[in-house]
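Student: Just passing along the structure, written as structure tokens.
The values are calculated or read from the model by the stated rules, or taken from the named source; none is laboratory data. All values derive from a computational prediction rather than experimental measurement. In this analysis, Cβ positions are derived from the backbone assuming ideal geometry, glycine residues included, and neighbour counts consider all displayed protein chains. Accessible surface is based on the protein model in full, side chains and every heavy atom, while ligands, DNA and RNA are left aside. Shrake-Rupley method; radii C 1.70, N 1.55, O 1.52, S 1.80 Å.
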Amino acid sequence: MLQNKITQLFNIKYPIIQGGMIWASGHKLVTAVSNAGGLGLIGAGSMYPEVLREHIQKTKAGTDKPYGVNVPLLYTDLEEILEIIIEEKVPIVFTSAGNPKTYTKRLKDAGITVVHVVSSVKFALKSQEAGVDAVVAEGFEAGGHNGREESTTMTLIPQVAKAIDIPLIAAGGIATGRGMLAAMILGADGVQVGSRFVATNEASSHINFKKAVVEAAEGATHLTLKELAPVRMMRNKFWNDVQELYKTAPTPEALKTLLGRARAKKGMFEGDMNDGELEIGQVSGLIDDIIPAAQVVKDMVAEYEEARKELLNKSLDG
């Protein structure tokens with residue numbers, strides 16, 4: 001029942017894509033997800049070029065299944081990153097945070113399947129025009145950097161599905177099989193899951209961060225720093241410092257000064273729960289345990305099937 005345009009496009013068993021998250025999506029997580037039947041994505045956004053090459057090579061050694069790399073197009077070492085991806089014959093690339101028109105042809109000419117992440121119908125159409133093979137439409141429930149439109153997944157997915165002809169992947173607020181079914185009913189062909197995979201054994205994020213995700217409740221995350229680049233993060237001392245600075249009507253330069261460098265690394269990778277930037281989605285309130293990544297895939301598929309049957313039975317009863 002789960003074979004569709006996305007599984008065919010990527011040659012995977014289930015239409016479940018593990019988000020290529022900074023400081024969480026290394027080769028161990030990617031390998032585990034791909035081996036479980038989903039699509040694992042290496043998060044290149046937090047890797048120096050040679051570190052990315054190492055993770056690509058270790059992924060290839062750990063699985064014979066499809067995998068990919070997520071590349072933010074604002075990356076400082078973008079040219080070197082793209083050369084490594086082409087040299088290593090990475091089969092799938094997800095691009096984000098930039099204009100897909102700039103690099104899509106180059107990647108596709110190298111035989112790579114290209115997907116672009118968008119937050120609006122406008123950019124979904126631009127991505128389709130640029131020749132991408134699929135788009136990820138991400139609602140602002142998602143953790144990390146978000147679009148400025150603040151469109152929710154519930155409203156964004158059906159609008160994008162109506163506007164484009166290429167396969168659509170839903171992201172933002174999806175961590176369960178029921179969420180997956182809801183996204184598919186709204187018009188998605190697959191789902192991209194981030195926060196749920198942060199709280200797995202194989203994620204490279206710090207155990208302190210994983211535990212904080214599990215302990216998070218409703219309202220634990222907020223979207224902020226819109227003057228720089230909107231980002232959803234967990235409330236902690238750093239978040240409080242940002243809110244205090246906002247009381248002074250700060251300039252973007254003042255916000256940049258407070259943010260400093262490597263703030264996300266300090267929180268998510270090094271485990272500083274006070275002064276680190278803790279990027280995670282609203283759906284963290286539904287995450288209650290740290291489990292193997294393969295179990296996440298298995299549980300999502302089982303719950304999807306159960307929920308689909310329940311929905312069918314309700315329809316028949318009606």
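Student: T95 - would you say it is without any contact (Cβ under 8 Å) to a residue 60 or more places away in the chain, in contact with a His (Cβ under 7 Å, 6 or more places away or on another chain), surrounded by 15 or more Cβ atoms within 10 Å (Cβ to Cβ) and under 17 Å from I17 (Cα atoms)? Don't jump to the end; show me each part of the working.
Tutor: Details: without any contact (Cβ under 8 Å) to a residue 60 or more places away in the chain: yes; in contact with a His (Cβ under 7 Å, 6 or more places away or on another chain): yes; surrounded by 15 or more Cβ atoms within 10 Å (Cβ to Cβ): yes; under 17 Å from I17 (Cα atoms): yes.
Considered against the rule, which asks whether it is without any contact (Cβ under 8 Å) to a residue 60 or more places away in the chain, in contact with a His (Cβ under 7 Å, 6 or more places away or on another chain), surrounded by 15 or more Cβ atoms within 10 Å (Cβ to Cβ) and under 17 Å from I17 (Cα atoms), T95 comes out as yes.
Student: Specify the residue that is nearest to the chain's Cα centre (by Cα); the eligible residues are those in the range 38-49 that are under 16 Å from R196 (Cβ atoms) and either aliphatic (A, V, I, L, M) or open to solvent by 10 Å² or more (accessible area, probe 1.4 Å) (or both).
Tutor: The residue in question is L41.
Student: How about the range 265-295: which of its residues are in contact with a Gly (Cβ under 7 Å, 6 or more places away or on another chain) and small (G, A, S)?
Tutor: Across the range 265-295, the qualifying residues are G267, G276, G281.
Student: For the range 79-92, which positions are open to solvent by 10 Å² or more (accessible area, probe 1.4 Å) and farther than 20 Å from L29 by Cβ?
Tutor: Passing the criteria: E79, E80, E83, I86, E87, K89.
Student: Among the residues of the range 264-285, which ones are assigned to a helix (DSSP H, G or I), open to solvent by 40 Å² or more (accessible area, probe 1.4 Å) and more than 21 Å from A32 (Cβ to Cβ)?
Tutor: K265, K266, Q282
Student: Testing S127 on (1) at pLDDT below 95; (2) closer than 23 Å to V193 by Cβ, one condition comes back false. Which one is that?
Tutor: S127 satisfies every listed condition except (1).
Student: Of the numbered conditions (1) in contact with a Ser or Thr (Cβ under 6 Å, 6 or more places away or on another chain); (2) within 30 Å of S284 (Cα to Cα), A130 satisfies every one except a single condition; which is it?
Tutor: Just one mismatch for A130, condition (2).
Student: Let me ask something else about it. Where in the range 168-245 are the strands (runs of 3 or more DSSP E), entirely inside, with at least 3 residues that are buried (at least 19 other Cβ atoms within 10 Å of the Cβ)?
Tutor: Here the list reads 168-171, 190-193, 231-234.
Student: So D288 passes all but one of these: (1) part of a loop (DSSP other than H, G, I, E, B); (2) open to solvent by less than 10 Å² (accessible area, probe 1.4 Å). Which condition number does it fail?
Tutor: So D288 meets the others, but not (2).
Student: Sort through L29, L52 and tell me the only one that's of a type in the set (A, V, I, L, M, F, W, C), buried (at least 20 other Cβ atoms within 10 Å of the Cβ), in contact with a helix residue (DSSP H, G or I) (Cβ under 7 Å, 6 or more places away or on another chain) and in contact (Cβ under 8 Å) with a residue 40 or more places away in the chain.
Tutor: L29
Student: Within the range 284-318, can you find the residues that are under 14 Å from A212 (Cβ atoms) and either of a type in the set (V, I, T) or under 18 Å from the mean Cα position of the chain (by Cα) (or both)? Outline the logic, then answer.
Tutor: Taking the range 284-318 and keeping what is under 14 Å from A212 (Cβ atoms), we get 284-285, 287-290.
Selection gives S284, G285, I287, I290.
Student: Search the range 124-167 for residues being among the basic types (K, R) and closer than 21 Å to L9 by Cα, and hand back the single one that is least open to solvent (accessible area, probe 1.4 Å).
Tutor: The selected residue is K126.
Student: A further question on this structure: Condition first: of a type in the set (S, T, N, Q) and in contact with a Ser or Thr (Cβ under 8 Å, 6 or more places away or on another chain). Can you find one or more residues in the range 75-82 that meet it?
Tutor: no
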